[in-house]
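Enquirer: Following this message is one structure expressed as structure tokens.
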Amino acid sequence: MAQRSVNRRRNGAKDIPDTWECRYFVDVSKLPHEFEHDRLRNEERLFDQWEGPRHENDVYLITADLDVNVKLRQPDASEPRIKLRICRRHEPDGFELWRTEIDLELPAPADVWSEVLAALKVVEDNAQELSSLSEPGQVTNELSKAEAILSCTEMQKDRWRYSGPQGDVEVARVTAPSLDYYSVSFESIDPDPAGIRAIRAALPTDNLGPPTNYVQLLSRISPR
């Protein structure tokens, strides 16, 4: 179990509650029919609304610390952002409690980049240079020089979300040069994860493989 102290949460991040997540990755040809869009959107016993697809480009900055999730997000209809998330708790059944510490548009201030670099354990003091960069590609070019960064991996995502009183299921088509998967995630902002566990129990997860988050996946398949 990982527990971390928190000093501050940046901008919109302070309004983002901690989220329980349990995520799976499955080959595109092996997604169970129960997780296809037409099935989930009509699953009225669990969900009362759905949205999608939402397209995003994410660049993940991977280090040896699997509890640190840093990504540069470029949504279709808004400015790119820097996001820092920390895993604060691991449960034996695969659920994890994640906290969003930073969620800011680029360019981000130097003190924000100092906090990101500290989380990534990057010793190079280039926060001032990073604070002038407004495009994810510029940021990855600067950070790819850091010894602590194992990889900077860009991923394309098309995401559908199905929501109900007990929590959400997100199904995302995830593509990158070295992968083509569906991600299936069970998520809830309720401090008690019993409700989202009940949703997971109601759906067939046996064929999804073991739970795996993005950082764990990319640390395995995208070595520097």
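The values are calculated or read from the model by the stated rules, or taken from the named source; none is laboratory data. As the structure is a prediction and not an experimental result, all values here were calculated from the model. Don't worry about glycine lacking a Cβ; one is built from the backbone with ideal geometry, like all the others, and counts go over all protein chains shown.
Enquirer: What tally of residues in the range 56-74 results from selecting those that are assigned to a strand (DSSP E or B), closer than 16 Å to residue 122 by Cβ and not charged (D, E, K, R)? If you could, list the steps in order and put the result at the bottom.
Expert: We begin by selecting, within the range 56-74, every residue assigned to a strand (DSSP E or B); these are 56-62, 68-74.
When the remaining residues are screened for being closer than 16 Å to residue 122 by Cβ, the result is 59-62, 68-72.
Filter again for not charged (D, E, K, R), leaving 59-62, 68-70, 72.
Total meeting the criteria: 8.
Enquirer: Are any of the residues in the range 191-208 exposed (fewer than 12 other Cβ atoms within 10 Å of the Cβ), modelled with pLDDT of 95 or more and assigned to a helix (DSSP H, G or I)?
Expert: The answer is yes; a qualifying residue exists.
Enquirer: Okay, next question. Looking at the structure I just gave you, is residue 102 part of a strand (DSSP E or B), of a type in the set (Val, Ile, Thr), within 20 Å of residue 21 (Cβ to Cβ) and out of contact with any Leu (no Cβ under 7 Å at 6 or more places or on another chain)? Walk me through how you get there before you give the answer.
Expert: Values: part of a strand (DSSP E or B): yes; of a type in the set (Val, Ile, Thr): yes; within 20 Å of residue 21 (Cβ to Cβ): yes; out of contact with any Leu (no Cβ under 7 Å at 6 or more places or on another chain): no.
Judged against the criteria, residue 102 is not a match.
Enquirer: Right, here's the next one. Yes or no: residue 21 surrounded by fewer than 16 Cβ atoms within 10 Å (Cβ to Cβ), part of a strand (DSSP E or B), among the acidic types (Asp, Glu) and at pLDDT 95 or above?
Expert: For residue 21, the condition - surrounded by fewer than 16 Cβ atoms within 10 Å (Cβ to Cβ), part of a strand (DSSP E or B), among the acidic types (Asp, Glu) and at pLDDT 95 or above - is not met.
A quick yes/no check of all residues on (1) within 17 Å of the chain's Cα centre (by Cα); (2) outside any strand (DSSP E or B); (3) at pLDDT 95 or above; (4) not basic (Lys, Arg):
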site: 2; (1), (2), (3), (4): no, yes, no, yes
site: 8; (1), (2), (3), (4): no, yes, no, no
site: 17; (1), (2), (3), (4): yes, yes, no, yes
site: 25; (1), (2), (3), (4): yes, no, yes, yes
site: 29; (1), (2), (3), (4): no, yes, no, yes
site: 47; (1), (2), (3), (4): no, yes, yes, yes
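Enquirer: Another question, then. Evaluate the following for residue 116: is it β-branched (Val, Ile, Thr), crowded, with 20+ Cβ neighbours inside 10 Å, out of contact with any His (no Cβ under 6 Å at 6 or more places or on another chain) and not in a strand (DSSP E or B)?
Expert: For residue 116, the condition - β-branched (Val, Ile, Thr), crowded, with 20+ Cβ neighbours inside 10 Å, out of contact with any His (no Cβ under 6 Å at 6 or more places or on another chain) and not in a strand (DSSP E or B) - is met.
Enquirer: On to the next question. Yes or no: residue 96 touching a residue at least 12 places away in the same chain (Cβ under 8 Å), in contact with a Phe, Trp or Tyr (Cβ under 8 Å, 6 or more places away or on another chain) and under 26 Å from residue 184 (Cβ atoms)?
Expert: yes
Enquirer: Are there any pairs, at least 6 apart or on different chains, whose C-beta atoms fall under 8 Å, with the first in the range 144-156 and more than 26 Å from residue 75 (Cβ to Cβ) and in contact (Cβ under 8 Å) with a residue 40 or more places away in the chain and the second of a type in the set (Phe, Trp, Tyr) and surrounded by fewer than 18 Cβ atoms within 10 Å (Cβ to Cβ), and if so, which?
Expert: none
Enquirer: If I filter the range 210-224 down to residues being assigned to a loop (DSSP other than H, G, I, E, B) and at pLDDT 95 or above, which single residue comes out as surrounded by the fewest Cβ atoms within 10 Å (Cβ to Cβ)?
Expert: Within the range 210-224, the match that is surrounded by the fewest Cβ atoms within 10 Å (Cβ to Cβ) is 210.
Enquirer: Continuing with the same structure: Residues of the range 86-109 being under 27 Å from residue 131 (Cβ atoms) and surrounded by fewer than 17 Cβ atoms within 10 Å (Cβ to Cβ), which ones? Step through it out loud before you land on a result.
Expert: Taking the range 86-109 and keeping what is under 27 Å from residue 131 (Cβ atoms), we get 86-87, 98-109.
If the condition is that a residue be under 27 Å from residue 131 (Cβ atoms) and surrounded by fewer than 17 Cβ atoms within 10 Å (Cβ to Cβ), then 105, 109 are the ones that fit.
Enquirer: Could you say whether any residue in the range 155-175 is touching a Pro at 6+ places or on another chain (Cβ under 8 Å), closer than 26 Å to residue 138 by Cβ and either in a strand (DSSP E or B) or β-branched (Val, Ile, Thr) (or both)?
Expert: For the range 155-175, residues touching a Pro at 6+ places or on another chain (Cβ under 8 Å), closer than 26 Å to residue 138 by Cβ and either in a strand (DSSP E or B) or β-branched (Val, Ile, Thr) (or both): present.
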